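Here's the structure, in structure tokens; my notes come after.
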Amino acid sequence: MKLLDKIFKFNGGIQTNPKKDISTKNSIKCLPIPSELRLPLRQHIGNMPKLKVKVGDQVLKGELIAEADGNISAAIHAPTSGKIKSVEKLLIPHPSGLPDFCVTLIPDNKDQWIKKAPVNWKKLGIEKTIKLLLNSGIVGLGGAAFPSHLKLGNNRNSPINTLIINAAECEPYITCDDMLMRERGNDLIKGIKLVQSLLGAKQTIIGIEDNKPEAYKIISDLIIKESSVHIKVVPTIYPSGDAKRLIFLINGIKISKEKRSSEYGIQMFNVATIVAIYRFIVHGEASLSRIVTITGNIKEPRNYEVLFGTPLQSLIQDTGGQKIRNNTFIMGGPMMGFKLPSIDVSVTKTMNCVISAEPEMIEAKKEPLPCIRCAKCAEACPVLLQPQELFWFSKSDQFEKAQNYNLFDCIECGCCSYVCPSNIPLVQFYRYAKSEIIAQSIAKEEADIARERNDFRILRLEREKKERAERNAQRKAENTSEEKSKLIEEKRAEIAAAMNRIKDNEKIK
């Protein structure tokens, strides 16, 4: 093990009040199996998986409920044994507040597993192992929810030299990764060595913020004899946990916007994702649960090991509920998270944290003031954008200009809004502009498709008209030819008849 010292500081970023000690005083707790599990089918980026069960089916723990539909998709498995109650649209934890298809499972409290099938990846080879991972249900558990088998695939032009483990966990309040490292460090290190082998990477660098001394000590002790695994302590500055920012902090490589880190020989995984991959390959366990931080305005904040589909209300109840009742809950961190439409939702693969909003989070918001061009937002922007210009273009619907100022490079980290003295919700304007541009792009694409269809329709009609005319002409020619032949035959018959009459007359004479 080697401790790497050099840090390449990125532009901007902000110092926040971490408030992480609130939920790290107690160990991770496992909730008992709830009376009902509600499993949204869409818990990842990509295609919705294809349903493999029907109402009334009895399923075992780990059994496939919905299989991945295509390469960019993720499967859903039964978190415990029980009976399928329904498949219907229900409320899910999403900023839109719209319902989506969910499978409701009634546990039988036997928690009976299917036959587990560990993966002998060395015997099977990388390609077959990746195919098995496709239906493991494992996605990025840091919040991105990108299907993990794609990152392990060998269909890339550049070899992976460095595996980076994202242990920064930079957003305030969230501590699920911190607690995982403290309590399940052995699984993490075994998973790191496994994934490093799968990728063929020469080295692994664990990037961890300096506000996690307990986790750092535990992981350092576990990798002390590992010559290819290093640890790098990065400063506590938001958003150091963003993939491109962390890569720059660790090795000074700036990933351009049109490229992926794999093109630079780098692949990154979140600590919880690494453990999930390890559990699947070594123990044959699909992705059935995750660690969730529940904190903020809560009587007993802590981290829970929670089955997917567990009602959020079960977690809230187990913590003793809110200290000050306000019924406002945020999924994710305070910077990039969103207000839950209701607590009548279930735990999903993307739910790393639930914050019961503290009074200062929901105090009456100050009215935005005019922009004073102080440039604090530009100083805080970690992507080197010009937020004030993007604000003006977004507000005035000058979307083309906003795009020219690299609107889509914005990672929506919220640093600009955080430092704005005029209280302008800058990120909201950027999200609005992005959604409008995307909507216009979709509308244009649909119009182009409709125009192409119309052009093809016109061409088809003209072709059919031409073919019809040719067929008519051919039939007419054929009919004319038949009529001529008929007339000739009739004439021949008449001539033959006349000749016969002449012969008969001659015989009479």
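The single condition among (1) of a type in the set (Ser, Thr, Tyr); (2) without any contact (Cβ under 8 Å) to a residue 40 or more places away in the chain; (3) farther than 23 Å from LYS25 by Cα that SER240 does not meet is (2).
If the requirement is being out of contact with any Phe, Trp or Tyr (no Cβ under 9 Å at 6 or more places or on another chain), closer than 30 Å to GLU367 by Cβ and without any contact (Cβ under 8 Å) to a residue 60 or more places away in the chain, which of these qualifies: ARG453, ARG431? Steps first, please.
Values: ARG453 fails: closer than 30 Å to GLU367 by Cβ.
Sole residue among the options that is out of contact with any Phe, Trp or Tyr (no Cβ under 9 Å at 6 or more places or on another chain), closer than 30 Å to GLU367 by Cβ and without any contact (Cβ under 8 Å) to a residue 60 or more places away in the chain: ARG431.
VAL354 fulfils the conditions (1) part of a helix (DSSP H, G or I); (2) closer than 24 Å to PHE146 by Cα except for a single criterion, (1). The residue that is nearest to HIS149 (Cα to Cα), counting only those in region 47-87 that are part of a strand (DSSP E or B) and among the charged types (D, E, K, R), is GLU67. Among the residues of region 280-300, none qualifies, meaning not one is surrounded by 19 or more Cβ atoms within 10 Å (Cβ to Cβ), in a loop (DSSP other than H, G, I, E, B), in the same structural domain as LYS20 (by TED's automatic domain parsing) and without any contact (Cβ under 8 Å) to a residue 40 or more places away in the chain.
Go through region 453-509 and report how many residues are loosely packed, with under 10 Cβ neighbours inside 10 Å and within 60 Å of the chain's Cα centre (by Cα). Here the count works out to 0.
Taking only region 357-400 into account, find how many residues are among the polar types (S, T, N, Q) and not in a loop (DSSP other than H, G, I, E, B). Break it down stepwise before answering.
Step one: of region 357-400, the residues among the polar types (S, T, N, Q) are 386, 388, 394, 396, 398.
Next, from what is left, pick out any that are not in a loop (DSSP other than H, G, I, E, B): 388, 394.
Adding up the residues that qualify gives 2.
Here are SER262, SER228: which of them is free of Cβ contacts under 8 Å to residues at least 40 places away in the same chain and on the phi < 0 side of the Ramachandran plot?
SER228
Is one or more of the residues making up region 299-314 in contact with a helix residue (DSSP H, G or I) (Cβ under 7 Å, 6 or more places away or on another chain), within 21 Å of ALA68 (Cα to Cα) and among the hydrophobic types (A, V, I, L, M, F, W, C)? No, region 299-314 contains no residue that is in contact with a helix residue (DSSP H, G or I) (Cβ under 7 Å, 6 or more places away or on another chain), within 21 Å of ALA68 (Cα to Cα) and among the hydrophobic types (A, V, I, L, M, F, W, C).
Scanning region 118-141 for residues that are closer than 22 Å to VAL271 by Cβ and assigned to a loop (DSSP other than H, G, I, E, B) returns PRO118, VAL119, SER136, GLY137, ILE138, GLY140, LEU141. For GLN403, the criteria (1) assigned to a helix (DSSP H, G or I); (2) buried (at least 17 other Cβ atoms within 10 Å of the Cβ); (3) under 28 Å from the mean Cα position of the chain (by Cα) hold in every case but one, which is (2). Take the conditions over 19 Å from the mean Cα position of the chain (by Cα) and not aromatic (Phe, Trp, Tyr) and apply them to ILE126. Does it pass? Considered against the rule, which asks whether it is over 19 Å from the mean Cα position of the chain (by Cα) and not aromatic (Phe, Trp, Tyr), ILE126 comes out as yes. Of the residues screened, HIS44 is one that is closer than 30 Å to LYS115 by Cβ, in a loop (DSSP other than H, G, I, E, B) and either within 21 Å of the chain's Cα centre (by Cα) or modelled with pLDDT of 90 or more (or both). Filtering ILE223, ILE219 for residues that are at pLDDT below 95 and more than 20 Å from ILE22 (Cβ to Cβ) leaves a single hit, ILE223. Would you check if ASP100 is acidic (Asp, Glu), under 30 Å from PRO334 (Cβ atoms), under 17 Å from the mean Cα position of the chain (by Cα) and surrounded by 14 or more Cβ atoms within 10 Å (Cβ to Cβ)? Answer is yes for this residue. Scanning region 317-331 for residues that are surrounded by 14 or more Cβ atoms within 10 Å (Cβ to Cβ), among the polar types (S, T, N, Q) and assigned to a loop (DSSP other than H, G, I, E, B) yields THR319, ASN326, THR328.
The values are calculated or read from the model by the stated rules, or taken from the named source; none is laboratory data. Computed from a predicted structure; not experimentally measured. Counting neighbours? That spans all protein chains shown, and the Cβs are built from the backbone with ideal geometry, glycine included.
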